[in-house]
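Below: the structure, in structure tokens.
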Amino acid sequence: LLLIALSPLFLVSAADAKNPVPQGRTYFILVMGLGEDPYSPEADCLSFDATQACTLDGGTCLDWQRLEGQTQSDREVAFALSTQFEEDGIPITIEGQARVDSRGARSSISYVAQARALDQRLNFAFSGRQIGPSRCMQMVADFQAQNSGP
């Protein structure tokens, strides 16, 4: 009887132990606003672990954490992505908010952010779809081949 009475506690603990979205997922993303032509999308892959979202080559990583006070559900998760680094001795800060929507077998992601360096501010965004890492790398290569100059 004691086990039956405590079983809801075990179920809650098991649900909490599940990796929070988007941990363990990879997304094919299109980034706008960071390249030489801000209206030209750039493709990349972004993979999430427990604390960071990194491009598959590990060249860029952003820290992530769920946003408190935001509507969170099994289908919709809001979180912050940010990083700080130096380029040519200039400190650069990137901060923004993202959202993952899970509808169907795969989820989608969207992100809006601002990069700050000295007195300059640059707004940019990306959006994408959940996909496996090897398929994502192939999609990036296909995108780059289709969008390279003549």
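Computed quantities for the displayed model
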item	result
For region 54-136, convex hull of alpha carbons as volume per residue, Å³	106
Inter-part distance where region 93-150 and region 40-67 are each reduced to a Cα centre, Å	9
Order by protection proxy (mean Cβ within 10 Å, highest first), peptides 120-133, 30-43	120-133, 30-43
Region 100-139 - convex hull of the alpha-carbon atoms, volume per residue in Å³	85
Order of exposure, largest accessible area first, which applies to 29, 92 with probe 1.4 Å	92, 29
Spin-label pair residue 148/residue 84, simplified geometry with 7 Å Cα→Cβ offset, distance in nm	3.9
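The values are calculated or read from the model by the stated rules, or taken from the named source; none is laboratory data. The shown structure was predicted, so the numbers you read here are calculated from the model rather than taken from an experiment. All Cβ positions, glycine included, derive from the backbone under ideal geometry; neighbour counts span all protein chains shown. Note: areas computed on protein heavy atoms with side chains; ligands, DNA, RNA excluded. Shrake-Rupley method; radii C 1.70, N 1.55, O 1.52, S 1.80 Å.
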